[in-house]
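The structure under discussion appears below in the form of structure tokens.
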Amino acid sequence: MMDVSFMSGAEADVSSDESSEEELPLPPSPLREGTGEPFTVVLKGGRPWGFKLTTGSESKSSIMISEFDAGGKAISSGQLRVGDHVLAVNEVRCHTQTEARQLIESAFNTLTLRVW
């Protein structure tokens, strides 16, 4: 499984030896329970987008959100959650994680994700 992080170059991974019991709450997903309908999320304001992608084990073309980074646009939107499948980035269908990564990195002020 390969994780790709979308954080600005100015950010750094700050870790401490102390275990933190404070975890980021998972935001609610706008996916209506049991409907299975894809939805669109628009993140505005530029980087850091604040999420990581992974390729799902059930399908090599399955691109999923695997983690959120504190302070990023993804978690503050309250619309995404871990396990959401990324179908398209900026209205371009993504078949591979590499395609998704290139589109996300090229986004300037607005990032539009079609997720399921």
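For the stretch 87-97, 3J(HN,Hα) computed residue by residue from phi via the Karplus equation (6.51, -1.76, 1.60; θ = phi - 60°) reads 9, 8, 10, 6, 6, 10, 4, 9, 9, 9, 5 Hz, glycine and proline entered as x. Label positions at SER106 and THR40, each projected 7 Å from the Cα along the C-beta direction, are separated by 1.9 nm.
Throughout, read-outs are computed from the coordinates displayed, never taken from laboratory work. What you see is a predicted model, and the numbers here were worked out from it, not measured in a lab. Ideal geometry is used to build each Cβ from the backbone, glycine not excepted, and the neighbour counts take in all protein chains shown.
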